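The values are calculated or read from the model by the stated rules, or taken from the named source; none is laboratory data. Please read all numbers here as calculations on a predicted model, not as lab measurements. A quick note on method: Cβ atoms are made from the backbone with ideal geometry, for glycine too, and the neighbour counts reach across all protein chains shown.
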Ligand code: CO
């Protein structure tokens, strides 16, 4: 990437925004009140706002390898708590994607150094759903299914947080699980049973 052109493109972008709304940056500078928290993969092909047709100010974004929500990850937990408690987002989306390198790596036997503890969380997802996954004979289908199940388990991890439990009770915040199909550009709603999971896990994870 030619970094010189980045600044040229930025100039054209400013001009384009101002041509449709002369107050665009004045409004943007006043603050943010996004209604959606998006947690996705760092993969360069899965461009959070762009694939949703959203613009600046509309989505609070957190991305990491394989869209993980890990309770001792200070970064992810800070994002969730800030978005839920201060920005008062109404929805949280965990968006995985087919062809995820992180998920693929977790399916293989390889020592990947510092990535080992991170990917172990995906191996844990595999272990929880081992029966279903082992029954899938075709490797590609198994891989796709693990991407989906990983999204589901990260949604469950969100529901385990006090912030999400409180916000659901107080204002009906909900968690959604999506998958982005990089081969077609299509966003797929996994239609996870948010209330069902909530009810199921509250017996053990009830915090508030
Ligand atoms: Co990925």
Kindly establish whether residue 148 is touching a residue at least 24 places away in the same chain (Cβ under 8 Å), in contact with a helix residue (DSSP H, G or I) (Cβ under 6 Å, 6 or more places away or on another chain) and surrounded by 15 or more Cβ atoms within 10 Å (Cβ to Cβ). no
Across region 100-119, which residue is nearest to the ligand (Cβ to nearest atom) among those that are surrounded by 14 or more Cβ atoms within 10 Å (Cβ to Cβ) and assigned to a helix (DSSP H, G or I)? 102
Pair list, Cβ under 8 Å, 6 or more apart: region 39-55 residue without any contact (Cβ under 8 Å) to a residue 60 or more places away in the chain and not assigned by TED's automatic domain parsing to the domain that holds residue 81, other residue within 12 Å of the ligand (Cβ to nearest atom) and in a strand (DSSP E or B): none
Out of everything in region 74-99 that is within 13 Å of the chain's Cα centre (by Cα) and near the ligand (Cβ under 9 Å from one of its atoms), what residue ends up being nearest to residue 144 (Cα to Cα)? 97
Can you give me the number of residues within region 40-72 that are more than 16 Å from the ligand (Cβ to nearest atom) and under 16 Å from residue 150 (Cβ atoms)? 1
Hey, could you check region 28-38 for residues that are loosely packed, with under 12 Cβ neighbours inside 10 Å and touching a residue at least 12 places away in the same chain (Cβ under 8 Å) and say which is nearest to residue 88 (Cα to Cα)? 33
Need the failing condition index for residue 37 against (1) away from the ligand (no atom under 16 Å from the Cβ); (2) part of a helix (DSSP H, G or I); (3) within 30 Å of residue 98 (Cβ to Cβ), just the number. (2)
